[in-house]
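Just so it is clear, none of the values below were taken in a lab; they were calculated from the coordinates. Note that the coordinates shown come from a computational prediction; the quantities given were computed from them, not determined experimentally. Neighbour counts run over all protein chains shown; Cβ positions are idealised from the backbone, glycine included.
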Amino acid sequence: MTNNDPASGQPADRSAAAHRTLPRSLLLAVLLSVPALPALADDAGTLSAAAALTPVAVSDPIPMADRSMLFGADLEQLIASQPTTAKPEPAPKVSDRVQTVLRRALALLGTPYRWGGTSENGFDCSGLVGYVFKTALGIELPRVSREMANSGEQIERAALNAGDLVFFSRRGKRVDHVGIYVGNGQFVHAPRTGKDVMVSSLDTGYWSHKFLKARRVAGI
């Protein structure tokens, strides 16, 4: 038997059902917002850098050639945004060969990390750097980061230019990681298992404290 509401004369359980609808609506709103949460867990420097470099999510299945064209416009914007000093000076001209390297590296954003990887199926840190220089300019680099750190011209951190190699030590003082400096305090690299090729900050966050040295590759 259904009890009637004494004021309205309607069944009392309709009012109870209406009250149950509101929590479901709130729950739906929360569930719809969940896919956005992983981005918030990224390193702030990495997240802002990636957003500045490309309007396309790294998981977007865009053909590699089209991604390269998209990153070209972003690269020009990145180079133009070099920080100014108290005494402004003309920004150094980025050579065509350096731009070729940067475009190639940025077109690989989102490629998964794979230990020992040297192809677009997956890269480790030195595999990425070697692949970029070989496919962009035909330059062969040593296979591992510690050997790369002994080739080319050593560069002071304050004198870094786009295209230079930046080396890090995550444990002790031995080189165990490498990336390609893209300018504006940022570098592209394949960080570790579970991460994709990305752009990170050299000036703030985790990698700023792990920087060890820099080298300029001969011929660029």
TODO: Would you mind ranking PHE167, PHE211, PHE133, PHE187 so that the residue whose beta carbon has the fewest other beta carbons within 10 Å leads the list?
DONE: PHE211, PHE167, PHE133, PHE187
Open item on the list: Sort THR118, THR193, THR111 by Cβ crowding within 10 Å, fewest neighbours at the top.
Closed with: THR193, THR118, THR111
TODO: May I ask for the net charge around ALA136, where only other residues with Cβ less than 9 Å from the Cβ of ALA136 are counted and Lys, Arg are +1 while Asp, Glu are -1?
DONE: +4
Open item on the list: Using amide H atoms built in the peptide plane, which far-off residues or other-chain residues are under 5 Å from LEU212 H to H?
Closed with: PHE167, PHE168, SER169
Task: Gained length - ASN121 relative to ASP96, 0.36 nm times residue gap less alpha-carbon distance - done: 6.3 nm
- [ ] With θ set to phi - 60°, apply the Karplus curve 6.51 cos²θ - 1.76 cosθ + 1.60 along the stretch 192-199 and write out the HN-Hα couplings as whole Hz, x wherever there is a Gly or Pro.
- [x] 5, 4, x, 10, 9, 4, 8, 10
TODO: Rounded to the nearest 0.05, what FRET efficiency do ASN161 and ARG114 give with R0 = 45 Å and r taken as the Cβ-Cβ distance? Could you check?
DONE: 0.95
Task: Ranking of SER208, SER169 by count of other Cβ atoms within 10 Å, fewest first - done: SER208, SER169
- [ ] Note down the nm distance, to one decimal, between modelled labels 7 Å out along Cα→Cβ at HIS209 and at THR193.
- [x] 2.4
